[in-house]
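What follows is calculated from the coordinates using simple rules that are stated; it is not laboratory data. What you see is a predicted model; the values in this text were computed from it and never measured. Methodologically, a virtual Cβ is constructed for each residue, glycine included, from the backbone with ideal geometry; neighbour enumeration extends over all protein chains shown.
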Amino acid sequence: MKNKKTMRHIMLEKLKKLSPHDREVFDSSLLKQLTASDLWRNSNSIGITLANFPEIDTKQIVERAWAEGKRVCIPYSGENRKLSFYAYTPDTKLERSRFGIMEPVNRTTEIPKNALELLIIPGLVYNQEGYRIGFGGGYYDRYLADYLGKTCAILYPFQLDEQIDVLVESFDVAIQKLFIASR
């Protein structure tokens, strides 16, 4: 049986090896599925991570949200593995975190959890029930423990792996909706 660390490594390698063409086709499929959903249409505020390669690119999703007048919020990974969200606009100054993620420099006005209507949760491996293996920090599991809004994830077909069923732990929180790319 594989452990979480091994599954993370395997999935990162698969993501790195995905051809630019397949990545473009999958990303287009995900953007269409997500933005056509009721989850998207009924949400005026979106929480999303600014992804880095080889993760699924979130830039088009952010731009679409702005074009539709939605408030986009991005996370900051703070002390004690605490995740907090801040408004993100084209003028927001960013800095690279210790994890390599772009985060807001100005963190004076945290967005309350109840003001985020939809969170698009990053991860590497998922099962059909919405449980995921993330990047190993536990930030999102802690944040989601008392989050009452809607959650979804975007993933490529090969990121779905039922082997993680045995790795689900008591603190893991299932994602409500999975959008799985197609060709």
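Residues whose amide H falls under 5 Å from that of LEU94, counting only those 5 or more places apart or on a different chain, are VAL105, with hydrogens built in the peptide plane.
Subtracting the Cα-Cα distance of LYS5 and ASN106 from their residue separation scaled by 0.36 nm leaves 33.1 nm.
Across the chain the C-alpha pair distances fall into 5 Å bins from zero in the proportions 1, 8, 17, 21, 22, 18, 10, 3, 0, 0 percent.
Which GluC sites (Glu not before Pro) in the stretch 18-113 pass both tests, a DSSP loop state and at most 14 other beta-carbon atoms within 10 Å? Don't skip to the answer; put the middle values down first.
On the way: sites: GLU24, GLU55, GLU63, GLU68, GLU79, GLU95, GLU110; in loops: GLU55, GLU68.
Those satisfying the criteria are GLU68.
Over the residues of the chain, the helix contribution to mean residue ellipticity at 222 nm works out to -8000 deg cm²/dmol, using -39500 (n - 2.57) for each DSSP H run of at least 4. Extension gain for LEU160 to LEU148 (0.36 nm times residue separation, less C-alpha to C-alpha distance): 1.8 nm.
Within the stretch 55-108, the trypsin sites (Lys or Arg not before Pro) that combine a DSSP coil assignment with at most 15 other C-beta atoms in a 10 angstrom radius are LYS82, LYS93, ARG98, ARG107.
Within the chain, what percent of beta bridges assigned by DSSP are antiparallel, to the nearest 5? Working shown, then result.
Details: 13 of 27 bridges.
That works out to approximately 50 percent antiparallel.
Going 7 Å from the Cα of SER182 along its beta-carbon direction, which residues of the stretch 27-69 have the amide nitrogen within less than 19 Å of the resulting point? Only 27-40 pass the distance filter.
Partners of LYS17 within straight-line reach, counting lysines whose Cα lies under 21 Å from its Cα and excluding those fewer than 8 residues away in the same chain: LYS2, LYS4, LYS5, LYS59.
Between ALA174 and LEU94, what's the calculated FRET efficiency when r is the beta-carbon distance and R0 is 30 Å? Round to 0.05. Before the final figure, lay out each step's value.
Working: r = 30 Å, r/R0 = 1.00.
Plugging the Cβ-Cβ distance into 1/(1 + (r/R0)^6) gives 0.50.
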